[in-house]
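Student: The structure that follows is given in the form of structure tokens.
The values are calculated or read from the model by the stated rules, or taken from the named source; none is laboratory data. All of these numbers come straight from a predicted model, not from anything done at the bench. Neighbour counts are summed over all protein chains in view; Cβ atoms, including those assigned to glycine, are modelled from backbone coordinates with ideal geometry. The protein model used for the area step is the full one, side chains on, heavy atoms only, and it has no ligands, DNA or RNA in it. Shrake-Rupley method; radii C 1.70, N 1.55, O 1.52, S 1.80 Å.
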Amino acid sequence: MAANSSPAILPTSNSQSASTTVDNQQSPSSSALRAFFSGISDTVRHGLSNRRPWSELCDRSSLAKPDSISEATGRIRKNYNYFRVNYLSVVTAVLIISLLTNPLSLVFLAGLLAAWLFLYLFRQPSDPPVTLFGRQFSDRETLVILIVSSIVVIFLTSVGAVLVSALMVGVAIVCAHAAFRIPEDLFLDEQEPQAGASSFLSFFTGGTPVMAQSPIATRA
């Protein structure tokens, strides 16, 4: 037995490096998802900060029947310009209530939204292709399937009827209030409500005054 034997070399594990590699591969999608929801939250918060006081909207002393259709139309235009963000909040609330009272439509819509987010919007170029029943689908084929699925869910199920009916009810509530609300006591700055509404809808219209662009990979 040798007196000066060299110490045994223990095998090192690559689990830490492997986990680091997996985290680095998963970080673009997770960061895109976080940026997406953070952007929605910031945009909605900024848009709601431009709303008019609800006490002013619900002031019963300012309600009166219009004398003619032209007067009602003028009131609707002026009140919409002044209470734009409040009215959009009312329509959104009606949509949410309608979906909550129709759980099946809510499940269909949530599933459709999740499919768009995870199968197309947040996919990275390095991600493996979508595989279903042993067949791989390219990004273009996935997009076509998502579009067809959206048409089927919206037009061939109760989702479309629920959304349309909720929008009609919300618009009817807004028009009724705007037609009966006397706008003479409103002092409207033409630029202020436009800025508030554009911020509130910037996520849906493609603008980004508040929300940072999500790191979603562009496709050819």
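Student: Give, in whole angstrom and from largest to smallest, the semi-axes √(5λ) of the equivalent ellipsoid of the stretch 101-143, with λ running over the eigenvalues of the Cα gyration tensor.
Tutor: 25, 12, 7
Student: Now, a different point. Would you mind checking the radius of gyration and Dmax of the stretch 24-183 based on alpha-carbon positions, in Å?
Tutor: 21.3, 68
Student: Between SER61 and ALA93, how high is the FRET efficiency from 1/(1 + (r/R0)^6) when r is the Cβ-Cβ distance and R₀ = 25 Å? Nearest 0.05.
Tutor: 0.55
Student: For GLU184, GLU141, what's the largest-to-smallest order of accessible area, 1.4 Å probe? Could the numbers behind the result be given before it?
Tutor: Numbers: GLU184 135, GLU141 70 Å².
The most accessible residue leads, giving GLU184, GLU141.
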